[in-house]
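Below: the structure, in structure tokens.
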Amino acid sequence: MGKRYLYMTEKDREFASGQKFFLLASASGAEVNLAPKGEDCILFPDPGTILLLDYPGSSGRTGRDIL
């Protein structure tokens, strides 16, 4: 099980900002969403905020009715 953090450290932000490609995944009770992201789409305006540029259709979703 993952942990929840309220803030990212400077080291975390530097690491994430330096990645060429990463996957962002989330899940609700009904579906899983997996979205590819590139280095130019993530910003950290402050330690508690992450901004991600998202485009329609840029992710793969699965729903319970599909599985």
Using each residue's phi in segment 13-23, evaluate 6.51 cos²θ - 1.76 cosθ + 1.60 at θ = phi - 60° and report the 3J(HN,Hα) Karplus result to the nearest Hz, with x for Gly and Pro. 5, 5, 4, 5, 5, x, 7, 6, 7, 8, 10
Proximal lysines relative to LYS37, as straight alpha-carbon distance under 18 Å, when same-chain residues fewer than 8 apart are discounted: LYS20
Excluding residues on the same chain fewer than 8 positions from LYS3, give the lysines whose Cα lies under 21 Å from its Cα. LYS11
Could you give the nm distance between label points at SER28 and GLU14, where each point is 7 Å from its Cα heading toward the beta carbon? 3.8 nm
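What net charge is computed for the residues neighbouring ASP46, neighbours being all others with C-beta under 14 Å from the C-beta of ASP46, Lys and Arg scored +1, Asp and Glu -1? Can you show the working numbers first?
On the way: positive: ARG13; negative: GLU10, ASP12.
Counting the neighbours of ASP46, the net charge comes to -1.
Within segment 1-41, list the chymotrypsin sites (Phe, Trp or Tyr not before Pro) lying in a DSSP loop whose Cβ has at most 11 other Cβ atoms in a 10 Å radius.
Numbers: sites: TYR5, TYR7, PHE15, PHE21, PHE22; in loops: TYR5, TYR7.
Filter output for segment 1-41: TYR5, TYR7.
Here, each number is a calculation from the coordinates, and none is a lab measurement. Bear in mind that the values here come from a model prediction, so they are computed numbers and not experimental data. All Cβ positions, even for glycine, are placed from backbone atoms using ideal geometry, and neighbour counts span all protein chains on display.
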